[in-house]
1. What base-10 log of the normalised intensity I(q)/I(0) is obtained for segment 47-108 from the Debye formula, alpha carbons as equal point scatterers, at q = 0.14 Å⁻¹?
2. How large is ³J(HN,Hα) for each residue in segment 115-122, as worked out from phi by the Karplus curve 6.51 cos²θ - 1.76 cosθ + 1.60 (θ = phi - 60°), to whole Hz, x for Gly and Pro?
3. Which ³J(HN,Hα) values in Hz, rounded to whole numbers, follow from the phi angles of segment 46-59 under the Karplus curve 6.51 cos²θ - 1.76 cosθ + 1.60, where θ = phi - 60° and Gly and Pro get x?
4. Evaluate the charge dipole of segment 1-66 about its Cα centre and quote only its size in Debye, nearest 20, assuming +1 on the Cβ of each Lys and Arg and -1 on the Cβ of each Asp and Glu.
5. Determine the equivalent ellipsoid of the chain by diagonalising the alpha-carbon gyration tensor, then write out the semi-axes as square roots of 5 times the eigenvalues, largest first, rounded to whole Å.
6. How many Å² of accessible area per residue for the chain, probe 1.4 Å?
7. In whole percent, how big is the carbon plus sulfur part of the accessible area of the chain, probe 1.4 Å, protein atoms only?
8. Listed highest first by mean packing, meaning other Cβ atoms within 10 Å per residue, what order do 9-21, 76-88 come in?
Amino acid sequence: QVQLVEAGGGLVQAGGSLRLSCTASGRTFSTSAVGWFRQAPGKEREFVAAINYRGNTNYADSVKGRFTISRDNAKNTVYLQMNILKPEDTAVYFCAARTYYSSTVLSQYDYWGQGTQVTVSS
């Protein structure tokens, strides 16, 4: 069993930055891929970014060049650095984990955190 806990959400003005963290417990974190997803009110949950166990990353087109995903295996933590935030980035952000290789597909992840709210004001 894996437990994921997100932190770092909050309220920020457009153009600002936030760093989200996703801390895992309960399994060998170094062999896990972690993805970030987000869900805005009235919308489906969507892929944001992911990092595989080797540190390779991929991003949704909407966040490329603004968001950076990274991992610190010593701390069992994955980070999502979000810069140049826009009002359309407002959503609940979730991290999810699966073994080895990342995916953009929600259903391919085995474990999910509870989410953290990010609100970007205009």
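The values are calculated or read from the model by the stated rules, or taken from the named source; none is laboratory data. Note that the coordinates shown come from a computational prediction; the quantities given were computed from them, not determined experimentally. Note: ideal-geometry Cβ built from the backbone for every residue, glycine included; neighbour counts use all protein chains shown. Just so you know, the surface numbers come from the protein's heavy atoms only, side chains and all, with ligands and any DNA or RNA stripped out. Shrake-Rupley method; radii C 1.70, N 1.55, O 1.52, S 1.80 Å.
1. Log10 of I(q)/I(0), two decimals: -0.40.
2. Along segment 115-122, the couplings run x, 9, 7, 10, 10, 10, 8, 8 Hz.
3. 10, 5, 10, 6, 8, 9, 8, 5, 8, x, 6, 10, 8, 9
4. Working: 8 positive and 4 negative charges, 22 e Å.
With only Lys, Arg, Asp and Glu charged at Cβ, the dipole is about 100 debye.
5. Details: eigenvalues 102, 38, 35 Å².
Ellipsoid semi-axes (Å, largest first): 23, 14, 13.
6. Details: 6040 Å² over 122 residues.
Using a 1.4 Å probe on heavy atoms only, each residue of the chain averages 50 Å².
7. On the way: 2820 of 6040 Å².
Ligands and nucleic acids excluded, carbon and sulfur give 47 percent.
8. Values: 9-21: 14.8, 76-88: 18.3.
Result, highest mean first: 76-88, 9-21.
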